[in-house]
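The values are calculated or read from the model by the stated rules, or taken from the named source; none is laboratory data. Small disclaimer: the values here were computed from a predicted structure and weren't measured. As a convention, Cβ positions derive from the backbone with ideal geometry for all residues, glycine included, and neighbour counts pool all protein chains shown. Surface accessibility is based on the protein's heavy atoms, side chains included, excluding ligands, DNA and RNA. Shrake-Rupley method; radii C 1.70, N 1.55, O 1.52, S 1.80 Å.
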Amino acid sequence: MELKVFVGWDPREDIAWEVCRHSILSRTDRSKVSVVPLVQSELRRRGVYHRPVDTKAATEFSLTRFLTPWLASRDGYDGHAVFVDCDFLFVTDIREVLADLTPGKAVSVVQHDYQPTETVKMDGCVQYPYPRKNWSSFIVFDCAHPSVKALTPEVVNQAEPAFLHRFQWLQDEEIGALDRGWNYLEGWYEARYDKLKAIHYTLGGPWFEHKRDCDFAELWLAEEAPLKFAQPEPKAA
């Protein structure tokens, strides 16, 4: 069964999406993985997403990420679907995450104890602290789970952001735990980890000039290099 992956897209970080996509597809069997950008303007055009613009949101995909299982299941799909922020770099086959899941969980995430001291993130956006911060930056949804099926566009369009990001739409026992290697926070965790799977440049990555010397910058820049002269992929959701 094909693994469906949805990547958050923001016009300010298009190159981050391109590199994230490339890092996924270059390490897997492309016939078994699809990678689709979540483009808010397209979701609004189709009437799927119609919340008022959130001025506190750091990215355009802050809340559209929770549409992932509904979008994945439109054709009757009942396997697993992944949401991932665009500021990720995968260093292994993303399908390996399926072997790390605990059966019966509605979602699986890296359960960080992340309490940043910075007040600004990425390109000047305000850093808002909250419980379970960064849990929702990489989510594996079981699209067949009843609690996931209940996460409809109506819920996503009406629920408070905290309700969604803190996974209050689930019972705690429905949340599976992944090894931190699947959402390895650059600048928060040390610059070496034996089980590294995916690097998350949560404070901004080498696509920003001031982050060219961050941890793992050389890996991201090496991934970007072959894309500089490639034809951009069309955006869809």
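How about the range 197-222: which of its residues are open to solvent by 40 Å² or more (accessible area, probe 1.4 Å) and touching a helix residue (DSSP H, G or I) at 6+ places or on another chain (Cβ under 7 Å)?
Lys197
Assess whether Thr55 counts as being without any contact (Cβ under 8 Å) to a residue 60 or more places away in the chain and closer than 22 Å to Pro11 by Cβ.
The answer is yes for Thr55.
Where in the range 26-134 are there strands (runs of 3 or more DSSP E), lying fully within it, with 2 or more residues that are of a type outside the set (A, V, I, L, M, F, W, C) and at pLDDT 95 or above? Outline the logic, then answer.
Values: elements: 33-38, 80-84, 88-90, 107-109.
Hits in the range 26-134: 33-38.
Can you tell me how many residues within the range 214-235 are at pLDDT 95 or above and not hydrophobic (A, V, I, L, M, F, W, C)?
Adding up the residues that qualify gives 4.
Which residues, counting only those in the range 173-218, are closer than 18 Å to Arg21 by Cα, touching a strand residue (DSSP E or B) at 6+ places or on another chain (Cβ under 7 Å) and aromatic (Phe, Trp, Tyr)?
Trp182, Tyr184, Tyr201, Phe216
State the number of residues belonging to the range 26-54 that are within 23 Å of Val91 (Cβ to Cβ) and either among the aromatic types (Phe, Trp, Tyr) or surrounded by 17 or more Cβ atoms within 10 Å (Cβ to Cβ) (or both).
Residues in the range 26-54 being within 23 Å of Val91 (Cβ to Cβ) and either among the aromatic types (Phe, Trp, Tyr) or surrounded by 17 or more Cβ atoms within 10 Å (Cβ to Cβ) (or both): 6 in total.
Which condition does Glu18 not pass, out of (1) surrounded by 20 or more Cβ atoms within 10 Å (Cβ to Cβ); (2) at pLDDT below 95, if it passes all the others?
The one condition Glu18 does not meet is (2).
Of all residues being open to solvent by 30 Å² or more (accessible area, probe 1.4 Å) and among the basic types (Lys, Arg) in the range 133-177, which is nearest to the chain's Cα centre (by Cα)? Just the residue, please.
Only one residue fits best here, namely Arg166.
So how many residues does the range 178-196 have that are open to solvent by 10 Å² or more (accessible area, probe 1.4 Å), assigned to a helix (DSSP H, G or I) and under 21 Å from Asp213 (Cα atoms)?
0
Given the residues Val140, Val148, which is the only one that is in contact with an Asp or Glu (Cβ under 7 Å, 6 or more places away or on another chain) and modelled with pLDDT of 95 or more?
Numbers: Val140 fails: in contact with an Asp or Glu (Cβ under 7 Å, 6 or more places away or on another chain).
Matching residue, one of Val140, Val148: Val148.
Scan the range 19-37 and give yes if some residue there is of a type in the set (Asp, Glu) and under 29 Å from Gln158 (Cβ atoms), otherwise no. Give the derivation first.
Step one: list which residues in the range 19-37 are of a type in the set (Asp, Glu), which gives 29.
Filter once more, keeping what is under 29 Å from Gln158 (Cβ atoms): none.
Within the range 19-37 (the criterion being of a type in the set (Asp, Glu) and under 29 Å from Gln158 (Cβ atoms)), the answer is no, since none of the residues qualifies.
Do you know which residues across the range 1-25 are over 26 Å from Ala217 (Cβ atoms), in a loop (DSSP other than H, G, I, E, B) and of a type outside the set (Asp, Glu)?
Hit for the range 1-25 is Met1, nothing else.
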